Amino acid sequence: MKYVEFKTMIRKFKDNGDKTNWTYILIKSEVAEELNPGVKKTFRVRGTLDNVEIAQIALLPAGEGDFMLPLKAAMRKQLQKTAGATLKVKIAVEASKPPMDAELIQCLKDEPEAWEQFSTLAPSHQRYFSNWVASGKTDTTRAKRIANTITAMLRKWDYGQMIRSLKKDV
């Protein structure tokens, strides 16, 4: 695994559509090319930001070959830094795929038709459902999300269709 090391400044979007108020670091095109040659789409990295370990973090294309690494609130809290601060970065391309939610997979397998439909989805689309279930903070929320995912698979819906239908129900 080849790590790339550099220092950068933490940035924050002021007014930028859906990214307004995002805190992030910019990965310049030269660094991105050294890290993952020829890749212009989202990919995941692992490594450290200062002394905070990171894994399975997505680098998002930012144009001109540059990428951005969003710094979520939990990450910023660990770093104890805000926009304008300097950050020591050491990252490498993440070789492994993020794990799927085991409970979701087991429940889908208990419903063969739902499992069959889920299996036809692209891995990235499977992860939408898995991440949504895994992000539930309570067992009740996770159970509802698993049930909604199974229903969506039986109806042959994608993630977006399911989310839109849930918003109509509210």
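The values are calculated or read from the model by the stated rules, or taken from the named source; none is laboratory data. All values reported here derive from a predicted model rather than from experimental measurement. Neighbour counts run over all protein chains shown; Cβ positions are idealised from the backbone, glycine included.
Quick check on my filter: what residues within the stretch 150-170 are surrounded by fewer than 17 Cβ atoms within 10 Å (Cβ to Cβ) and either within 15 Å of residue 122 (Cα to Cα) or in contact with a helix residue (DSSP H, G or I) (Cβ under 6 Å, 6 or more places away or on another chain) (or both)? 154, 156, 158, 160, listed by residue number. I'd like to know if the stretch 88-102 contains one or more residues that are among the acidic types (Asp, Glu), at pLDDT 95 or above and over 30 Å from residue 37 (Cα atoms). No. For the stretch 104-119, the condition holds for no residue, the condition being that it is surrounded by fewer than 11 Cβ atoms within 10 Å (Cβ to Cβ) and either hydrophobic (A, V, I, L, M, F, W, C) or under 17 Å from the mean Cα position of the chain (by Cα) (or both). Scan the stretch 49-68 and give yes if some residue there is touching a residue at least 40 places away in the same chain (Cβ under 8 Å), assigned by TED's automatic domain parsing to the domain that holds residue 20 and assigned to a loop (DSSP other than H, G, I, E, B), otherwise no. No, every residue in the stretch 49-68 fails to be touching a residue at least 40 places away in the same chain (Cβ under 8 Å), assigned by TED's automatic domain parsing to the domain that holds residue 20 and assigned to a loop (DSSP other than H, G, I, E, B). The set of residues in the stretch 120-149 being in a helix (DSSP H, G or I), of a type in the set (A, V, I, L, M, F, W, C) and exposed (fewer than 15 other Cβ atoms within 10 Å of the Cβ) consists of 143, 147.
Conditions tested, residue by residue: (1) polar (S, T, N, Q); (2) farther than 30 Å from residue 28 by Cβ; (3) touching a Leu at 6+ places or on another chain (Cβ under 6 Å).
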| residue | (1), (2), (3) |
| --- | --- |
| 102 | no, yes, no |
| 126 | yes, yes, no |
| 133 | no, yes, yes |
| 144 | no, yes, no |
| 153 | no, yes, no |
| 157 | no, yes, no |
